[in-house]
Amino acid sequence: MEYTTLAVLAGLPEDPHGAVGLPIYAVAAYGFKTLEEGQERFATGEGYVYARQKDPTAKALEERLKALEGALEAVVLASGQAATFAALLSLLRPGDEVVAAKGLFGQTIGLFNQVLAPMGVGVRYVDPEPEAVRGALTERTRVLFVETVANPALLVPDLEALATLAEEAGVALVVDNTFGAAGALCRPLAWGAHVVVESLTKWASGHGSVLGGAVLSRETELWRNYPQFLQPDLKGQIPWEALRARCFPERVRTLGLSLCGMALSPFNAYLLFQGLETVALRVARMSETARFLAERLQGHPKVKALRYPGLPEDPAHRNARKYLASGGPILTLDLGDLERASRFLGAIRLLKAANLGDARTLLVHPWTTTHSRLKEEARLQAGVTPGLVRVSVGLEDPLDLLALFEEALEAV
Ligand SMILES: *Cc1c(COP(=O)(O)O)cnc(C)c1O
């Protein structure tokens, strides 16, 4: 079935009252009638016990995400950061190394440098080109980490080539698919990524109203190379032998939810489940508008440079055409310097916020906000210049948006 069909039908549970839609289970614990029933649920892990591990509302969201991204398993967590952390915690042990793309989301870099490094995990940052990645892999590398679309550099890595390389090296390719909009724009698992982590806070939610994240994974033999899946667990079973490819998502659930408690609230699961019903429509419309703005503002005398992967002359165009369903809802404008960016943002009658994927167009000045903690050199390396403005295009009328942009450019 097509994405838009799955988006409204997949994951809908059978309801005893015939409810059309997803009921919210605002419940912490699930009871048992007898000692034997409790014993059975603890022994098998089937059914529900306590909402930190699993609950029916989150389960419906997991089922829907699995269908939309073509995953074997999905685990939803409290935020995108929680998802990234739980996935990495499940794959890495002290002494292991990560090869990560330069220019990752700021807090992901923070996670590597401030949380994982002190736990003994090394990280090397490279351009996510197959040659550079190959040169950085060592015997200790366990994870290759990239984003579907680097932000705000708007570069798209060659996912298929990286997946082939990772497979050959026996290393997990983990893709942060936040910009892939829950599969509406990109489905990295279909290109060979082993694991997807993503923030559902952005396009999946679609209204800037809640936080959420997910870890998705596919069928693979890779986990047989990882010592943590070959050692007996608390039940005395070898995870890889007992669960095959499901040993990884099971570990994410145990570490991320049961032990670290990074659970998604049922109410947020409900809103995200609903957000997914329209994500493909919203992203398609936002991409059309982004393209329209890019075409009309490119070459504007006040715009020094404009980047939009949907434009044929854009450096990301080749990979964007292959991997993305459209040019996407993000574009960047470089106004030349800080002073001009400041005048532009002061004049534009649209919202300025460090978020993405909202129904409203949101603008941000990465140099002074999202990337301000990085050294100047690192900012420039990530494609962040003092004049750069990132635009997450919303659902406003395209002509209204163009008029508002032109009005603000007048003030520059
Ligand atoms: C926002 C974002 C995250 C973090 O997600 P949260 O839901 O805010 O925790 C991770 N990666 C990327 C690319 C993001 O844009």
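The values are calculated or read from the model by the stated rules, or taken from the named source; none is laboratory data. For clarity, every value in this text was computed on a predicted model and none was experimentally measured. Glycine also receives a Cβ, built like all others from the backbone with ideal geometry; neighbour counts cover every protein chain displayed.
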For residues that are basic (Lys, Arg) and either touching a helix residue (DSSP H, G or I) at 6+ places or on another chain (Cβ under 8 Å) or in a loop (DSSP other than H, G, I, E, B) (or both), tally how many sit in the range 270-321. 3
When you look at Gly383, is it over 17 Å from Arg296 (Cα atoms), surrounded by 20 or more Cβ atoms within 10 Å (Cβ to Cβ) and modelled with pLDDT under 95, yes or no? yes
What helices (runs of 4 or more DSSP H), lying completely within the range 3-86, carry at least 2 residues that are more than 27 Å from the chain's Cα centre (by Cα) and away from the ligand (no atom under 16 Å from the Cβ)? 35-44
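Take Thr138 and tell me if it is in contact with a strand residue (DSSP E or B) (Cβ under 9 Å, 6 or more places away or on another chain) and either within 16 Å of the ligand (Cβ to nearest atom) or within 27 Å of Leu388 (Cα to Cα) (or both).
no
Here is a yes/no grid of residues against (1) within 16 Å of the ligand (Cβ to nearest atom); (2) within 23 Å of Lys352 (Cβ to Cβ):
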residue	(1), (2)
Gly213	yes, no
Arg224	no, no
Gln231	no, no
Pro239	no, no
Glu250	no, no
Leu259	no, no
Leu272	yes, no
Met286	yes, yes
Leu297	no, yes
Taking the range 97-107 and the residues there that are more than 11 Å from the ligand (Cβ to nearest atom) and surrounded by fewer than 20 Cβ atoms within 10 Å (Cβ to Cβ), the one that is farthest from Leu271 (Cα to Cα) would be Glu97
In the list Ala204, Ala181, which residue meets the criterion of being within 16 Å of the chain's Cα centre (by Cα), within 15 Å of the ligand (Cβ to nearest atom), in a helix (DSSP H, G or I) and crowded, with 18+ Cβ neighbours inside 10 Å? Ala181
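When you look at Glu250, is it acidic (Asp, Glu) and not in a loop (DSSP other than H, G, I, E, B), yes or no?
Judged against the criteria, Glu250 is a match.
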